[in-house]
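> Take this structure first; my questions come after.
The values are calculated or read from the model by the stated rules, or taken from the named source; none is laboratory data. Fair warning: this is a prediction, and the values are worked out from it, not measured in the lab. Heads up, the Cβs are rebuilt from the backbone with ideal geometry, glycines too, and the neighbour counts pull from every protein chain shown. When the accessible area is computed, the model is the full protein with side chains, heavy atoms only, and any ligands, DNA or RNA have been set aside. Shrake-Rupley method; radii C 1.70, N 1.55, O 1.52, S 1.80 Å.
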Amino acid sequence: MDLLRHIFAFDSNSPLLFTQLYFWVFLLIVYLGYALIIGRNRSQHLHVRNIYLMLVSWFFYYKTSGVFLAILMTVTLTSYLTAFGLQRAKDKGHKGWSVFWLVVSILIDLGFLFYYKYAYFGVDVFNSIFGTHYSIVDKIILPVGISFYTFQVISYTVDVYRGHVQPVRNLFDFGMYVSFFPQLVAGPIVRASEFVQQLYRPFHLTRHQMGIAVFWILNGLAKKIILSDYLAVNLIDRVFENPLLFTGFENCFALFAYSMQVYADFSGYTDIAIGVALLMGFYLPKNFDSPYKSRNPQEFWRRWHQSLSRWLKSYVYIPLGGNRTIFGYKTNKLLASNVNSFATMLIGGLWHGASWNFVIWGGLNGIGMIWAKCWHSVKEWLGIEGFIQRHKVVRGIDDVICIALTFTFITFTRLFFRSSSNLDPATANEVAWQTAKQMMGQIIGAWDNSIIPMFLWEYRSVVILFICGMLIHWLPAKFKQWYRINFAMLPWWLMVICVAVVVFVVYQFVTADLQPFIYFQF
């Protein structure tokens, strides 16, 4: 009885994580049931398959967020129904009614998001503006992944309104699209145009695809446990908990290490999600493209969290006016692009979290993008860009300098990002600002070079892991593709040995308490 209760009951202290053995037992059972359903790939089994995957995805989300499954189900149903109302109004030429249904759908979706994610922040802002002292009595708990599936259903409704996709006819098919468990709680954000058509394709998985799926899963686990969790537990969390106990160099190194941690954590989740989805015959979009190879902040955001960047471009930047208008008024393209880019990044910062630190982080990235565009225009006007492109050696030096400066800039903006993470929303603003201020004060004014040799020795395993992580990250893309393909082509017996070795090595880095994925909080 206790075993059944443990399996089926929700425990907030034990969410269903990719890094837990429980998840892989869950996946094995799900996959066995999946294999029975798909049978001989008969098309009549497709709807049954989609219903099955929707139900197991709901169970997965229940084990992660408990009763908040009701919000996911509500958003799924309302988005499904309003899309039909919207399409029917369009077919009859009633534009006003189509806009009405679009607005209703978005308000419902954002209503849940704003209440659970931004209620404390909204009250703080209201009190600051009007000098009041209102407070929220009941503690609000943020449902896991609410930002991801909210943006996903909004993109669906907007795309139906724009005529890019047709409404999904079957409610269970649509429910599977919204709740597909590999990417449900931390992305990537999947558009209907990229995924819905896959719901009606018979299962197909080649030997090569199986090998690629296994590679992505192992790659993601290694990133998460060997790099992300180890760096966090053995240095980063200690420094951010009390920056005043550490020197400027230690604070600075922890900040750079955090850039590696957040990348390894988030891209590791995405790698596992892509691999698990591929095992079931579904393709998820690529979400990262070696972002620390970027030459400027604008390129960084084309490479980092690509599904969110594309979402913000399609549903925020372009509707704001893109590079054509500001608030509906035509103006200089560069000015319009800069203003709308900055506004988009502010919204992107706020999407990540409800505190001023996230707004500052988004604003800094917006300023970085504006600077990159303006500096590129200046270099072209002065003829510097042409000179650089004509000389291979100069171009190489310029690449190194630009990549180093971009990585440093992105890292220091994360001072505000990390300070606001993993905090109680009720106190996030005050605590986050205090942490950011203390850390910046240490970096600027408490630099002690004499501590560096001792730090490098005492934290040698952390330093070595950080360096190895950066070197692997900077490997040429063609080389990474080469060893990925060659792994997929290994004989079965050798692949099994490789899997066993990787799992054994990864297990050596497992900490006492498994660390949740960073982007679960968003």
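> Please name whichever of Leu205, Val123, Val501 sits farthest to the positive end of the charge dipole of the chain, dipole taken about the Cα centre and charges placed at Cβ: Lys and Arg +1, Asp and Glu -1.
The Cα lying farthest towards the positive end belongs to Leu205.
> Explain nothing, just the number: relative contact order of the chain, from Cα pairs under 8 Å at least 6 residues apart, as a whole percent. Please list the in-between numbers first.
Details: 666 pairs, mean separation 94.1, N = 522.
Once normalised by length, the contact order is 18 percent.
> Relative contact order for segment 110-226 using alpha-carbon pairs under 8 Å, separation at least 6, rounded to a whole percent?
Values: 60 pairs, mean separation 26.4, N = 117.
Here the relative contact order equals 23 percent.
> Which shape class applies to segment 145-199: rounded if a/c is under 1.5, otherwise prolate when a/b exceeds b/c and oblate if not, where a ≥ b ≥ c are the square roots of the Cα gyration tensor eigenvalues?
Note, shape of segment 145-199 comes out oblate.
> In Å², what does the accessible area per residue of the chain work out to with a 1.4 Å probe?
Here the residues of the chain average 48 Å² of exposed surface.
> Relative to the compact-globule scaling 2.2 N^0.38 Å, provide the ratio for the alpha-carbon radius of gyration of segment 340-474.
1.32
> A follow-up question, please. For the chain, what does -39500 (n - 2.57) per DSSP helix run (n ≥ 4), summed and divided by total residues, give at 222 nm, in deg cm²/dmol to the nearest 500?
Taken over the chain, the calculation gives -22000 deg cm²/dmol.
> Cut-off under 18 Å on the C-alpha distance; same-chain residues fewer than 8 positions from Lys117 excluded. Which lysines are left, in chain and number order?
Partners found: Lys139.
> Answer rounded, prolate or oblate for segment 170-283, using the Cα gyration tensor with square roots of eigenvalues a ≥ b ≥ c: rounded when a/c is under 1.5, else prolate when a/b is larger than b/c, else oblate. Mind dumping the intermediate values first?
On the way: a/c = 4.31, a/b = 2.32, b/c = 1.86.
It comes out prolate by the Cα gyration axes.
> Also: Taking Cα centroids, how far is segment 167-188 from segment 351-377 in Å?
Cα centres, segment 167-188 to segment 351-377: 31 Å.
> Run through segment 115-218 and list the chymotrypsin sites (Phe, Trp or Tyr not before Pro) located in a DSSP loop whose Cβ has at most 11 other Cβ atoms within 10 Å. Mind showing how you got there, number by number?
On the way: sites: Tyr115, Tyr116, Tyr118, Tyr120, Phe121, Phe126, Phe130, Tyr134, Phe148, Tyr149, Phe151, Tyr156, Tyr161, Phe172, Phe174, Tyr177, Phe180, Phe195, Tyr200, Phe203, Phe215, Trp216; in loops: Tyr134, Phe180, Phe203.
Listed in order of number, the matching sites are Tyr134.
> Ignoring ligands, DNA and RNA, please state the percent of accessible area on the chain from carbon and sulfur, probe 1.4 Å.
68
> Evaluate the charge dipole of the chain about its Cα centre and quote only its size in Debye, nearest 20, assuming +1 on the Cβ of each Lys and Arg and -1 on the Cβ of each Asp and Glu.
2040
> Ok, one more. Return the loop-located chymotrypsin sites (Phe, Trp or Tyr not before Pro) in segment 254-351 (DSSP other than H, G, I, E, B) with at most 11 other Cβ atoms within 10 Å of their own Cβ; answer none if there are none.
Loop-located and lightly packed - Phe327.
> Just check segment 177-242 against the gyration tensor rule for me: Cα atoms, a ≥ b ≥ c as the square roots of the eigenvalues, rounded for a/c under 1.5, and otherwise prolate or oblate depending on whether a/b exceeds b/c.
Details: a/c = 5.05, a/b = 1.87, b/c = 2.70.
It is oblate, given that a/c is not under 1.5 and a/b is not larger than b/c.
> Now a separate question. Out of residues 5 or more away from Ala446 or on other chains, whose amide H comes under 5 Å of its own, with H placed 1.01 Å from N in the peptide plane?
Gly248
> Oh, and also: Any idea what the dipole of segment 35-145 comes to, in debye rounded to 20, about its Cα centre with Lys/Arg Cβ at +1 and Asp/Glu Cβ at -1? Kindly include the intermediate steps, with their values, before the conclusion.
Working: 10 positive and 4 negative charges, 127 e Å.
My answer is approximately 620 debye.
> Under a Cβ-only charge scheme (Lys and Arg +1, Asp and Glu -1), can you give me the dipole magnitude of segment 355-512 about the Cα centre, in debye to the nearest 20?
So the magnitude is around 540 debye.
> Provide the FRET efficiency to the nearest 0.05 for the Asp237-Leu32 pair, computing r from the beta carbons and using R0 = 30 Å.
That pair, Asp237 with Leu32, gives E of 0.20.
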